[in-house]
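Contents: one structure, followed by commentary.
The values are calculated or read from the model by the stated rules, or taken from the named source; none is laboratory data. Since we're looking at a predicted model, the values are computed, not measured. So basically every Cβ, Gly included, is an ideal-geometry build from the backbone, and we count neighbours across all protein chains shown. The protein model used for the area step is the full one, side chains on, heavy atoms only, and it has no ligands, DNA or RNA in it. Shrake-Rupley method; radii C 1.70, N 1.55, O 1.52, S 1.80 Å.
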Amino acid sequence: MTRKAVYKGLEDVVASESSICFIDGRRGVLLYRGYDIRDLAEHSTYEEVAYLLLYGKLPNRAELNSFSAELANCRELPQRLVVIMENFCRRLLPIDALRSCASLLKCYDPVEADRSVEANITRGIDLIAKFPTIVAYYYRINQGRRAIRPDKRLGHAENFLYMLHGKRPGRLDARIADLDMVLHAEHEFNASTFAARVTASTLSDMYAAITTAVGTLEGPLHGGAASAVVRMLEEIGDENNVEKYVKDTLAKHGRIMGVGHRIYKTLDPRVVKIRELARQAGERRGDLRYYKMLVRLEESIRKAGLNKHGIYPNVDLYTGAVYRNLGIPEILFDPMFALGRIAGWVAHVVEQYGDNRLIRPVSYYTGKKGLKYVPIGKR
Ligand code: COA
């Protein structure tokens, strides 16, 4: 292809139509299926948001109860998968284990060949339900501790904390974890979701698409940002060092983690809520160190003039502080993102199948041409 217009990183390229998520990055608006994220964060649970994303409407009470029960009934992992996990978990990072398990779950799909919308939604619900169990089992196995089986009586996020820590979380911790998942559930054509859609567009199955998404999430410019923020905070050490760190980093043309966004050129609309959760989780644990440093960091980047260039905090500035005060170990931060985002991934994969066109862009060739082939013995 010799065309000159090249959109590196596909920036601002409208790659398809979608009715799942609307973002206005200049005004800081995020809607899931038409509903403002701030309203959902105020009133919804993760189960309700997952239903909304999958079915395109808010459930009534009976629908929500039945959906929540379906999720709870799907949480258990096949025993054979647990045996496989016991063999490989110690050698893999949790996000790699999650990616591998997402792929392996295909072996236990009783209707594997059925590609109907209903079968794909059922499959998606199964994956949404099992993701927290995989992450909690991974952690417990890796720690040499007994895996704790899911408890059907608990909510989705509450049950995750229970399986992780071995004791039922308090109401506030359960709600904070639930809201964190709500805030991460969906975000339009972000890298992992788009990657899932690319895979689905070849008519690969749901497991392949979700496996692709988890792999794409892993990098520090996407799902790895929360742990990168925590590493940055540890390097800074104290809230009184924040301003100097920001100045020094910017002077070296470095990046401040948890800041900046491809789409938002104003405050990410999820930040207000996640900041509040970080404060609540910190107060509940009596440890506001990270929270205070992050508030200072927000101030410092503003003073340094980043906001004027459309660089504001993104949702991941505060997520690490939330996780830390929920007692979630840093190694699990990347998969935590996946536990929320999987609902969005499934909704997008189903939407992609519904109006599919193979996603296959072109590149502008910058290599050589017309080279003369030299036989191997003469090179
Ligand atoms: N710290 C300092 N400067 C930043 C920055 C950050 N976190 N993010 C962007 N910038 C600056 C770049 O240096 C660049 O400046 P320049 O034009 O003078 O070279 C300008 O903003 C544009 O950056 P660019 O990398 O082209 O924007 P992008 O849309 O590709 O980047 C991110 C988006 C998310 C990759 C980027 O903001 C980033 O690396 N953020 C930190 C990681 C993070 O928090 N990721 C989670 C995202 S939800």
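Summarising the label geometry, the points placed 7 Å from Cα in the beta-carbon direction at GLU76 and ALA15 lie 3.8 nm from one another. Under 5 Å from the amide H of GLY224 lie the amide H atoms of GLY219, each residue being 5 or more positions distant or on a separate chain, with H modelled from the backbone and absent for Pro and chain starts. Projecting the Cα positions of ILE342, ILE359, GLY320 onto the charge dipole of the chain (unit charges on Cβ atoms of Lys, Arg, Asp and Glu, taken about the Cα centre) puts ILE359 furthest along the positive direction.
How much area per residue is accessible in the range 221-295 when the probe is 1.4 Å and only protein heavy atoms are counted (Å²)?
Normalised by residue count, the accessible surface of the range 221-295 is 50 Å².
Since only LEU161, ALA278, ILE263 are under comparison, the one whose Cα sits farthest along the positive direction of the charge dipole of the chain, derived from C-beta charges on Lys, Arg, Asp and Glu, is ILE263. Taking the chain as a Gaussian network of alpha-carbon nodes connected by springs under 10 Å, the highest mean-square fluctuation of the residues ASN60, ASN142, ASN325 belongs to ASN60.
Placing +1 on each Lys and Arg Cβ and -1 on each Asp and Glu Cβ, with no other charges, gives the range 225-325 a dipole about its Cα centre of roughly 260 debye.
With contributions of -39500 (n - 2.57) from each DSSP H run of at least four residues, the per-residue ellipticity at 222 nm computed over the chain stands at -17500 deg cm²/dmol. In whole percent, what relative contact order does the chain give with Cα contacts below 8 Å and a gap of six or more residues? Across the chain, relative contact order equals 24 percent. When the chain is treated as a Gaussian network with alpha carbon springs shorter than 10 Å, the biggest mean-square fluctuation among HIS253, HIS165, HIS43 belongs to HIS253. For the chain, with all protein chains in place and a probe radius of 1.4 Å, 51% of the accessible heavy-atom surface sits on carbon or sulfur.
Pop the C-beta distance of LEU371 and LEU203 into the FRET formula with R0 = 45 Å and round what comes out to the nearest 0.05.
0.80
Which of the lysines could be linked to LYS130 by a straight reach, that is with a Cα gap under 28 Å, when you skip same-chain ones fewer than 8 residues away? Cα-Cα hits under 28 Å: LYS57, LYS106, LYS152, LYS167, LYS273. Within the straight-line cut-off of under 17 Å between alpha carbons, the aspartates and glutamates reachable from LYS303 are GLU239, GLU243, ASP248, sequence neighbours fewer than 8 places apart in one chain being disregarded. The residues of the range 68-172 have, on average, 49 Å² of accessible surface per residue, using a 1.4 Å probe with all protein chains present.
Please express the shape of the chain as an equivalent ellipsoid: the semi-axes are the square roots of 5 times the eigenvalues of the C-alpha gyration tensor, given largest first in whole angstrom.
On the way: eigenvalues 192, 179, 99 Å².
Equivalent-ellipsoid dimensions as semi-axes: 31, 30, 22 Å.
For the options THR319, THR249, THR211, a Gaussian network treatment of the chain with springs between C-alpha atoms closer than 10 Å singles out THR249 as fluctuating the most.
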